[in-house]
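Visitor: Got a structure for you, written out below as structure tokens; questions coming shortly.
The values are calculated or read from the model by the stated rules, or taken from the named source; none is laboratory data. Since this is a predicted model, take the numbers as computed values, not measurements. Positions of Cβ are generated from backbone atoms using ideal geometry, with glycine treated the same way; all protein chains shown enter the neighbour counts.
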């Protein structure tokens with residue numbers, strides 16, 4: 001049971017790390033891009049970036065961290081939700097501090113990023 005929890009935690013941590021790095025990069029380049037894209041274009045963009053970062057994560061950790069097909073499917077369902085909630089919490093923290101928010105600081109965009117990340121790892125990891 002503890003092993004399963006550590007496997008889920010590992011998958012969750014690499015998704016959060018990927019999102020945090022992307023968020024820092026977006027905050028760095030957000031100033032010149034004053035006009036925000038339409039929400040559906042931003043959603044597609046976050047999904048595609050999540051898929052790319054998921055693919056890059058395979059270069060670092062090429063195997064599944066969660067063993068067993070049933071657990072991998074559970075990971076595919078629950079981990080993106082948890083990652084989206086973490087991004088939402090990070091956005092709330094930034095808002096309380098008066099910092100600028102990006103779309104990825106909201107649940108839906110953080111979820112889409114993490115879902116694409118998880119889908120790529122689910123499909124392509126060994």
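Visitor: Just to check your reading of the model, which residue among 47, 12 is closer than 17 Å to residue 116 by Cα, modelled with pLDDT of 85 or more and either touching a helix residue (DSSP H, G or I) at 6+ places or on another chain (Cβ under 9 Å) or in a helix (DSSP H, G or I) (or both)?
Guide: Just a single option satisfies the conditions, and that option is 47.
Visitor: I need every pair where a residue in region 78-102 that is under 13 Å from residue 20 (Cβ atoms) has its Cβ under 7 Å from the Cβ of a residue that is outside any helix (DSSP H, G or I), sequence separation at least 6 or different chains.
Guide: Every condition considered, the pairs that remain are 91/101; 91/106; 94/101; 102/30.
Visitor: Please verify whether region 95-106 includes one or more residues that are in a helix (DSSP H, G or I), modelled with pLDDT of 90 or more and farther than 24 Å from residue 8 by Cβ.
Guide: Applying the first criterion (in a helix (DSSP H, G or I)) to region 95-106 yields 95-96, 103-105.
Keeping just the survivors that are modelled with pLDDT of 90 or more gives 95-96.
Restricting the remaining residues to those that are farther than 24 Å from residue 8 by Cβ gives 95-96.
Among the residues of region 95-106, at least one is in a helix (DSSP H, G or I), modelled with pLDDT of 90 or more and farther than 24 Å from residue 8 by Cβ, which makes the answer yes.
Visitor: Of the conditions (1) at pLDDT 90 or above; (2) within 9 Å of the chain's Cα centre (by Cα), residue 120 satisfies every one except a single condition; which number is it?
Guide: Single failed check for residue 120: (2).
Visitor: Right, here's the next one. Looking at (1) assigned to a helix (DSSP H, G or I); (2) surrounded by fewer than 16 Cβ atoms within 10 Å (Cβ to Cβ); (3) at pLDDT below 90, which one does residue 78 not meet, given that it meets all the others?
Guide: (3) is the only condition that residue 78 fails.
Visitor: Which of (1) assigned to a helix (DSSP H, G or I); (2) out of contact with any helix residue (DSSP H, G or I) (no Cβ under 8 Å at 6 or more places or on another chain); (3) modelled with pLDDT under 90 is the odd one out, the single condition residue 42 does not satisfy?
Guide: It fails just one condition, (2).
Visitor: Also, quick follow-up: Which one is farthest from the chain's Cα centre (by Cα) among residues in region 62-75 that are within 18 Å of residue 50 (Cβ to Cβ) and assigned to a helix (DSSP H, G or I)?
Guide: It comes out as 72.
Visitor: Which condition does residue 111 not pass, out of (1) exposed (fewer than 12 other Cβ atoms within 10 Å of the Cβ); (2) within 25 Å of residue 38 (Cα to Cα), if it passes all the others?
Guide: (1)
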